[in-house]
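For reference, the structure is listed below as structure tokens.
The values are calculated or read from the model by the stated rules, or taken from the named source; none is laboratory data. This one's a predicted model, so the numbers in the text were calculated from it and none came from an experiment. We place every Cβ from the backbone using ideal geometry, glycine too, and count neighbours over all the protein chains shown.
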Amino acid sequence: MENYFEILKKCRMFTGLDTDDIKCLTEILNSKVVKYSKGDVIFSEGEKPEHIGVVLHGNAQIERTDYYGNRSIVAVLEPSEVFGEAFVCAGIKSIPVDVVALDETVVMLLSLPDIPLKNTDIYNCFIL
């Protein structure tokens with residue numbers, strides 16, 4: 001995990017934080033690092049959003065499938081990019097997209113603690 005802190009410092013979610021602060025925050029957010037192979041589904045359409053993801057290595061793609069089965073690429077994610085934060089913070093019941101590994105990809109998954117929604121300052125740091 002130590003070798004990922006330079007990537008996390010580039011992440012908009014951790015902007016302005018030093019390594020010690022990032023370590024502390026990743027512990028609070030129950031971080032876990034997961035490796036995915038090419039084509040693995042990281043988040044699946046319809047599942048409950050429980051984690052915020054940060055790409056640490058490799059690339060992932062956000063895809064949307066329409067009624068007829070046609071897939072559209074919504075975004076391509078590179079190291080230090082965040083995904084899933086809007087779904088988690090907004091309390092969305094199910095994820096409307098798939099997130100798929102484009103190659104060997106390493107992702108840090110973060111879980112938000114149960115913070116009351118009225119504390120918007122905390123949530124804003126994740127979605128702004």
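Checked against (1) under 17 Å from PRO113 (Cα atoms); (2) surrounded by 12 or more Cβ atoms within 10 Å (Cβ to Cβ), LYS48 passes all but condition (2). Taking the condition more than 23 Å from ASN3 (Cβ to Cβ) and at pLDDT 95 or above, does ILE62 pass? For ILE62, the condition - more than 23 Å from ASN3 (Cβ to Cβ) and at pLDDT 95 or above - is met.
Once the stretch 65-105 is narrowed to residues that are of a type in the set (Asp, Glu) and at pLDDT 95 or above, the residue that is surrounded by the most Cβ atoms within 10 Å (Cβ to Cβ) is ASP98.
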